[in-house]
1. Does residue 221 qualify as being open to solvent by less than 20 Å² (accessible area, probe 1.4 Å), out of contact with any strand residue (DSSP E or B) (no Cβ under 8 Å at 6 or more places or on another chain) and aromatic (Phe, Trp, Tyr)?
2. For region 182-200, what are the residues that are open to solvent by less than 10 Å² (accessible area, probe 1.4 Å) and hydrophobic (A, V, I, L, M, F, W, C)?
3. Within region 1-52, can you find the residues that are under 29 Å from residue 192 (Cα atoms), polar (S, T, N, Q) and not in a loop (DSSP other than H, G, I, E, B)?
4. Got a sec? Which of 162, 212 is loosely packed, with under 13 Cβ neighbours inside 10 Å, under 21 Å from the mean Cα position of the chain (by Cα), over 20 Å from residue 127 (Cβ atoms) and free of Cβ contacts under 8 Å to residues at least 60 places away in the same chain?
5. Just one of the numbered conditions (1) open to solvent by 10 Å² or more (accessible area, probe 1.4 Å); (2) out of contact with any strand residue (DSSP E or B) (no Cβ under 7 Å at 6 or more places or on another chain) is not true of residue 168; which one?
6. Go over the candidates 36, 46 one by one and state the one that is on the phi > 0 side of the Ramachandran plot, modelled with pLDDT of 95 or more and not charged (D, E, K, R).
7. Check 98, 118, 133, 93 and return the single one that is open to solvent by 40 Å² or more (accessible area, probe 1.4 Å) and among the hydrophobic types (A, V, I, L, M, F, W, C).
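The values are calculated or read from the model by the stated rules, or taken from the named source; none is laboratory data. Here the structure is a predicted model, which means the values were calculated and not measured. Cβ placement follows ideal geometry from the backbone for every residue including glycine, while neighbour counts extend to all protein chains displayed. Accessible surface is based on the protein model in full, side chains and every heavy atom, while ligands, DNA and RNA are left aside. Shrake-Rupley method; radii C 1.70, N 1.55, O 1.52, S 1.80 Å.
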Amino acid sequence: MAELVYPPVIGAARTMFKALDLRFDIKGTEHIPQRGGAVLVSNHIGYLDFVFCGLAARPAKRLVRFMAKESVFRHKVSGPLMRAMKHIPVDRAAGLDAYKHALASLRAGEIIGVFPEATISQSFTLKNFKSGAARLAQEAGVPLLPMALWGTQRLWTKGHKRDFGRNHIPVTIRVGEPLTADPAEPAETVTERLRGRVQELLEAAQRAYPVRPRDAGDTWWVPAHLGGTAPAAARAEGCH
């Protein structure tokens, strides 16, 4: 079936990015396979992260199907769009249907996008990863694609107002080499290996980020361990 909705949505997103004059620094897109299934795994620091993850897959001409909380699909605007783009609703109280849906999509050659922290990290550091991404890759026999985003929290994140002004905000994206998910390896071990790789990519993205806070009032988007005023990890996770 022809993709009637997803490409125009991507076009609209690119138009928005141009209007906002976002400054992109994307490296590692050659690691996105041009065909076949894969599980794309990213850190989660802002509400628009799925858009930016999808953007990194465009050089390979791939469309990523994201697993997203079911409430997004009930919204009168986003719901029809999410379904038309073949994203996958996740009911956290009963996730088996979403898992089976994602598994079938992977076996059909799709790229499935997963945020294994399950929710936005308000500390902007990595939370613990749930093992679903690793288990999907193991069962479907597909690679894991680690990715890290930085700067997206400055546009729109939990607890802060949206900044959709023309403020030239840089967005840094790093995609790592695919990881093999051996079915003989415990899913928890695969998950820890995956988390370690995403952490490396996140640190690389942070080092490459071209700007620093303008003043003391602009330090909210920088993690505490890097000298910013974002909530410390334990306290931030307690807010969810």
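1. yes
2. Of everything in region 182-200, those that are open to solvent by less than 10 Å² (accessible area, probe 1.4 Å) and hydrophobic (A, V, I, L, M, F, W, C) turn out to be 190, 194, 198.
3. Passing the criteria: 29, 42.
4. One residue alone meets the criteria, 162.
5. (2)
6. That would be 36, the only listed residue that is on the phi > 0 side of the Ramachandran plot, modelled with pLDDT of 95 or more and not charged (D, E, K, R).
7. 93 is the lone residue from the list that is open to solvent by 40 Å² or more (accessible area, probe 1.4 Å) and among the hydrophobic types (A, V, I, L, M, F, W, C).
Each row is one residue, and each column tells you yes or no for (1) part of a strand (DSSP E or B); (2) under 23 Å from residue 9 (Cα atoms); (3) in contact with a His (Cβ under 8 Å, 6 or more places away or on another chain); (4) touching a residue at least 60 places away in the same chain (Cβ under 8 Å).
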| position | (1), (2), (3), (4) |
| --- | --- |
| 54 | no, yes, no, no |
| 62 | no, yes, no, no |
| 76 | no, yes, no, no |
| 93 | no, no, no, no |
| 116 | no, no, no, yes |
